[in-house]
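Right, one structure below, let's go through it.
The values are calculated or read from the model by the stated rules, or taken from the named source; none is laboratory data. Predicted model, so just to flag it, every value in this text is computed and none were measured. Here the Cβ positions follow ideal geometry from the backbone for every residue, glycine too, while neighbour counts run over all protein chains shown.
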């Protein structure tokens, strides 16, 4: 039995130097980490785009040979396909839809055509390798058509799908002209899983009303198979973050940061550049805090890390300009010779620097307007090894259902953000540690490794149920034919 993990990107960075030679560096992202812990007896393969445009057939063959040594199988895409399938339908149609930014949705026939075309390319790569009895695990909104495509080409497979972003309400999902085709694509899976009960309920309601299928608690009959839905919140590699401060390199970074920022209380914000993250609301909330609490001037600073993302797209470039302007306005109004209110970093941080910041930050302000899970919140909690800290968390993040000991806020309420900052800064250390221990107890058990194991365990259990169901149906059909004779 082989497991094929299928995602938009391979867990590897492919780079080309000036001489045209290619190098490969494995990614240590959450998904790659969690899935690497699965049963070592299972032959695991990855299928995805290698993240580089290669037109030359000889170069493609060379990259394919090198990647296949790692059990990675590339799907090569053109710049036009990435523009229309990834930047287009995936990120300009499905992404804003699922994050409730209705006015940002772009409808374009070329986007949809490219989305179908690329899903077919992934299907061709998978079905050239996968055999009956194998397992296909499809990941996320870029490949919603793929489960059905695979099932139509190869029989007797276990197919799972995990939706990493929010699933919207039926009233919003129904606006998509392609709504039925996307749902039909997902129904090719045996197990469809989400981060929260809310997302699962929205999906079930949509299936019932668009597809007309009757749902029995957590399953519905589609053809001769039961399709199950489940809630499996994704975790993190807890030990990686919790034990990071024990490393001398991280300790050195933490000391350097603390010396640099002095004795100021530090509020930490870490996000990718995206309108769904609520970065502008967060800055306005911090500005309101400074306005309402002048006694904290020269005592509290916000460290804002924004990771570049799609800033060549006008909407994102405009968002960045607004962020830059608002930070400039706050610093221009409040800063002194001895104090900078907002420290701004527009780049990603190496792991050692990030966990050092997690460790020394007095408050983490995580306030997305809508987020599937948000692993930054869990990383911050995990990194607070024997040190106090307060997590302020948006109720719109999937993580809020687990991290209930955080200060939960409505990210649209600027005054509530301000009030939560005051509460966090003034919270007694004993209360901070007690809340952290509650959350650490949960996320140390519900890790990314456990998430991956639970998904695979559930999928294999469903396979047995469907095998037994097919046998019973055949026995029943035989008995009915004999009765008629």
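Would you pick out the residues in the stretch 419-448 that are part of a helix (DSSP H, G or I), farther than 13 Å from residue 363 by Cα and in contact with a helix residue (DSSP H, G or I) (Cβ under 7 Å, 6 or more places away or on another chain)?
Of everything in the stretch 419-448, those that are part of a helix (DSSP H, G or I), farther than 13 Å from residue 363 by Cα and in contact with a helix residue (DSSP H, G or I) (Cβ under 7 Å, 6 or more places away or on another chain) turn out to be 439, 440, 443, 448.
Got a sec? Which helices (runs of 4 or more DSSP H) wholly within the stretch 1-117 have at least 3 residues that are touching a residue at least 60 places away in the same chain (Cβ under 8 Å) and out of contact with any strand residue (DSSP E or B) (no Cβ under 6 Å at 6 or more places or on another chain)? Spell out the reasoning first.
Values: elements: 30-35, 57-68, 95-98.
Output list reads 30-35, 95-98.
I need a count of the residues in the stretch 260-285 that are closer than 15 Å to residue 325 by Cα and surrounded by fewer than 18 Cβ atoms within 10 Å (Cβ to Cβ).
Counting residues in the stretch 260-285 that are closer than 15 Å to residue 325 by Cα and surrounded by fewer than 18 Cβ atoms within 10 Å (Cβ to Cβ) gives 2.
Do you know which residues across the stretch 345-364 are over 18 Å from residue 260 (Cα atoms) and surrounded by 22 or more Cβ atoms within 10 Å (Cβ to Cβ)?
364
Do we have residue 334 as more than 25 Å from the chain's Cα centre (by Cα), assigned by TED's automatic domain parsing to the domain that holds residue 432, surrounded by fewer than 22 Cβ atoms within 10 Å (Cβ to Cβ) and modelled with pLDDT of 95 or more here? Don't jump to the end; show me each part of the working.
On the way: more than 25 Å from the chain's Cα centre (by Cα): yes; assigned by TED's automatic domain parsing to the domain that holds residue 432: yes; surrounded by fewer than 22 Cβ atoms within 10 Å (Cβ to Cβ): yes; modelled with pLDDT of 95 or more: yes.
Here the answer is yes, as residue 334 does meet what is asked.
Can you find, within the stretch 247-270, the residue that is modelled with the highest pLDDT among those that are in a loop (DSSP other than H, G, I, E, B) and farther than 10 Å from residue 302 by Cα?
Among residues in the stretch 247-270 that are in a loop (DSSP other than H, G, I, E, B) and farther than 10 Å from residue 302 by Cα, the one modelled with the highest pLDDT is 247.
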